[in-house]
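A.B. asks: First the structure, then my questions, so here it is.
Where a number appears in this text, it was derived from the coordinates with a stated rule and is not lab data. In this text, all values refer to a predicted model and were calculated from it rather than measured experimentally. Please note: Cβ atoms are built from the backbone with ideal geometry, for glycine as well, and neighbour counts cover all protein chains shown.
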Amino acid sequence: MPRATAVRASGTTHAAGKPGEAAFFDVDNTLMRGASLFHVGRKMYQRKVFTIREVAGFAAKQLRFTFQGENLKDVHAVRDAALAFATGLSSEDVRTLGEEVYDEMIESKIWPGTRALTRQHMESGRPVWLVTGTPIEVASVIASRLGLTGALGTVSEVADGRYTGRLVGEFLHGPAKAAGVQALAEKEGLDLQNCWAYSDSYNDVPLLTLVGHPVAINPDTRLRRHARERNWPVYDFRSGRRAATLGLKSATVAGAGYGLWRGFSWVRDR
């Protein structure tokens, strides 16, 4: 059974909203450009944990992910390498690494359109949770820095304050994300039919179909087709375009405004 730790960000406040509602956002290529886990690998290289050859491999995988979408083989390869080389590291050091990764590599890669959507939900009183395969130490930093409610992420085993190189439960991906959100909904008293979920990957269809308001952001080819067949809202912030199907929900107005503005600029510049 997948286990996902939900970490609530401290100091987060919500406007008055309808009880039972929430929004769930994937991170990689949905909230930010590229994959956060690859940046963790890059930062570990700076700490002299990885070799230059391994980092070159991570860079190639990052490029493929950015332009072609999620590739499970690549993601698992980076995950396994990170787990192996993190063995014996202090959990406090990894938390510090998460802060550095956000400040140096992630903050500048946040999609403004997706960020606008998170703000819209928060201003409407809905809790906003990140749901990602990224290590929970990094996911919780992203949630805290953006003023979101919290994060669900992959959990590594810690013994005597140091990482053992093993996971607690499964990698939070695909069906495991849906299971994690289901468990969180039961704990928080959420009505999933009144909740939103956002992702770029067809692998997250289990999560998207779990909620009443699924939305595809920067979708890969399979998810774009799947979303359009089901009349789900579709946004693409990668080239300044906005593509939306019918059935757009009110909480996406902020993201739509950004997309329209970027689309106008794209046409004007050409």
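A.B. asks: State, to one decimal in nm, how far the label point of ARG166 lies from the label point of ARG222, with both points 7 Å from Cα in the Cβ direction.
C.D. replies: Each label point is offset 7 Å from its Cα along the Cβ direction, giving 3.1 nm.
A.B. asks: Ok, one more. Expected output is a single nm value to one decimal: the length gained when fully extending between ASN231 and LYS18, i.e. 0.36 nm times separation in residues minus the C-alpha distance. What is it?
C.D. replies: Numbers: separation 213, 0.36 × 213 = 76.68 nm, distance 2.49 nm.
My answer for the length gained is 74.2 nm.
A.B. asks: Report the full-extension gain for the segment ASP93 to GLN182: residue separation times 0.36 nm, less the Cα-Cα distance, to one decimal in nm. Numbers along the way, then the final one.
C.D. replies: On the way: separation 89, 0.36 × 89 = 32.04 nm, distance 3.12 nm.
Gain on extension, ASP93 to GLN182, equals 28.9 nm.
A.B. asks: For LYS18, list the aspartates and glutamates whose Cα falls under 17 Å from its own Cα; do not include residues on the same chain fewer than 8 positions away.
C.D. replies: Output for LYS18: GLU123, GLU186, GLU188, ASP191.
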